[in-house]
Amino acid sequence: MSIVMTGGGTGGHLAIIKAVKEHLRDEELIYIGSTKGQDKQWFENDDDFSHQYFFETRGVVNQGGLGKVKSLFMMLKATLQAIKLLRKHQAKVVFSVGGFSSAATAFAAKVLRIPLVIHEQNAALGSLNNMLKPYAAEFISSYLEESPIKAYPIKEIFFENARIRHEVKTIIFLGGSQGAKAINTLALEMAAELQKKGIKIIHQAGEKNLDDIKAAYDDLGIKAEVFGFTTKLAAYMKEADIAIARAGASTLWELSATALPTLFIPYPYAASDHQYYNAQFLVEKDLAWLMREDEIDKEKVLALMDKKLDIKSQGLMDIVEKEGSEKIAILLKEL
């Protein structure tokens, strides 16, 4: 008997599987993903899985007419493969994190009447997860009141680093390891004023933009800690008193677990505008700020540097639940 984990395509999906499987070391784990996206990069050589399979699949929604037909044919072929694998490994439950690479295995689970547990990372449901929600044994989302588990699966270090902020002494700009042009531009426009206020700048500019952004700070005569990819993100968040960031699910919940008040600038081209709705979940509770890229106002952002932060910081600490990964692992074992 095995637990089958499926889905991915992007790091946001795959990080959930990585977090949950840490609590399932005593189970036989199988991973089924796609040759497209980042699935192989994350799990092809991961010894926590007894077997890994990668199907030739791709997204359907973003294809044209003929492309959709080809994608659906690939999906049907992969679903038949998944049915054989679920039988072979005597799957007792399938855990899906969404993304196109989960579709074949999720469909196979329903054909074979194997319990399907879905984790949705975003406030705006992904198209596949939305379609499969009525058929899931359990549907997990940190944004839905009816969810059996509200805690988002993130590393314990972010909770350990939580502290109440009072005033801004350090700011962190987070554009992700790929960078975000709008956030980079805003950071440089604010840099002189931040320096006048004695505020330290930490800036994740993205690997591709790293040299240019470092040079821009040098030209301005401003000292800033600038990086692209880092393994020290939790420590940087701990140091900061306020953040300006995209609103991908993992980033949003890591910032929240650290009790770090944040101005979110959502990526405008995210599927179903999910970053906007992720941020809106906190804004409606008065625990964050939100600006669209085309609404960025430097003076309004600078005004945030003078605000007292303790109420938002404490509110974040109160709302974010711990042990999401462990709770999901227990649920999978029970099923």
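The values are calculated or read from the model by the stated rules, or taken from the named source; none is laboratory data. The structure presented is a predicted model; accordingly, all values stated were derived computationally and were not measured. Note that we place each Cβ from the backbone using ideal geometry, even for glycine, and neighbour counts take in every protein chain shown. The protein model used for the area step is the full one, side chains on, heavy atoms only, and it has no ligands, DNA or RNA in it. Shrake-Rupley method; radii C 1.70, N 1.55, O 1.52, S 1.80 Å.
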When you check H166 against the structure, is it part of a loop (DSSP other than H, G, I, E, B) and in contact (Cβ under 8 Å) with a residue 12 or more places away in the chain, yes or no? yes
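Of all residues in region 1-51, which are of a type in the set (S, T, N, Q), out of contact with any Ser or Thr (no Cβ under 9 Å at 6 or more places or on another chain) and either surrounded by 23 or more Cβ atoms within 10 Å (Cβ to Cβ) or not in a helix (DSSP H, G or I) (or both)? If you could, list the steps in order and put the result at the bottom.
Our first condition is that a residue be of a type in the set (S, T, N, Q); within region 1-51, this holds for 2, 6, 10, 34-35, 38, 41, 45, 50.
Subsequent filtering for residues that are out of contact with any Ser or Thr (no Cβ under 9 Å at 6 or more places or on another chain) retains 10, 41, 45.
Selection gives T10, N45.
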Against the condition buried (at least 21 other Cβ atoms within 10 Å of the Cβ), modelled with pLDDT of 95 or more and either of a type in the set (S, T, Y) or in contact with a strand residue (DSSP E or B) (Cβ under 9 Å, 6 or more places away or on another chain) (or both), how does I183 come out, does it pass? yes
I'm trying to understand the selection: among the residues of region 97-124, which are closer than 21 Å to P153 by Cβ, part of a helix (DSSP H, G or I) and at pLDDT 95 or above? T105, A106, A109
Scan region 186-196 for residues that are crowded, with 16+ Cβ neighbours inside 10 Å and either of a type in the set (G, A, S) or part of a strand (DSSP E or B) (or both) and report the count. 2
Checking the structure you have, find out if any residue of region 258-277 is surrounded by fewer than 20 Cβ atoms within 10 Å (Cβ to Cβ), in contact (Cβ under 8 Å) with a residue 60 or more places away in the chain and among the aliphatic types (A, V, I, L, M). yes
Among the residues of region 282-335, what is the count of those that are β-branched (V, I, T) and within 30 Å of L29 (Cα to Cα)? 3
Restricting to region 150-180, give me the number of residues that are crowded, with 21+ Cβ neighbours inside 10 Å and charged (D, E, K, R). 1
For region 228-257, name all the residues that are more than 22 Å from G324 (Cβ to Cβ), modelled with pLDDT under 95 and open to solvent by 20 Å² or more (accessible area, probe 1.4 Å). F229, T230, K232
Is it the case, given these coordinates, that I328 is open to solvent by less than 20 Å² (accessible area, probe 1.4 Å), among the β-branched types (V, I, T), within 21 Å of Y152 (Cα to Cα) and over 16 Å from the mean Cα position of the chain (by Cα)? yes
Among E254, E239, the single one that is over 19 Å from the mean Cα position of the chain (by Cα) and touching a residue at least 60 places away in the same chain (Cβ under 8 Å) is E239
For the condition in contact with a strand residue (DSSP E or B) (Cβ under 8 Å, 6 or more places away or on another chain) and polar (S, T, N, Q), what is the one hit in Q280, Q314? Q280
What's the total number of residues in region 96-149 that are within 25 Å of F281 (Cβ to Cβ), of a type outside the set (A, V, I, L, M) and surrounded by 17 or more Cβ atoms within 10 Å (Cβ to Cβ)? 16
Please name all residue pairs, on different chains or six or more residues apart, with Cβ atoms under 7 Å, provided the first residue is in region 176-194 and is within 20 Å of D241 (Cα to Cα) and the second residue is modelled with pLDDT under 95 and in a helix (DSSP H, G or I). N184/N209
Boolean, K285 is basic (K, R), in a loop (DSSP other than H, G, I, E, B) and loosely packed, with under 15 Cβ neighbours inside 10 Å: yes
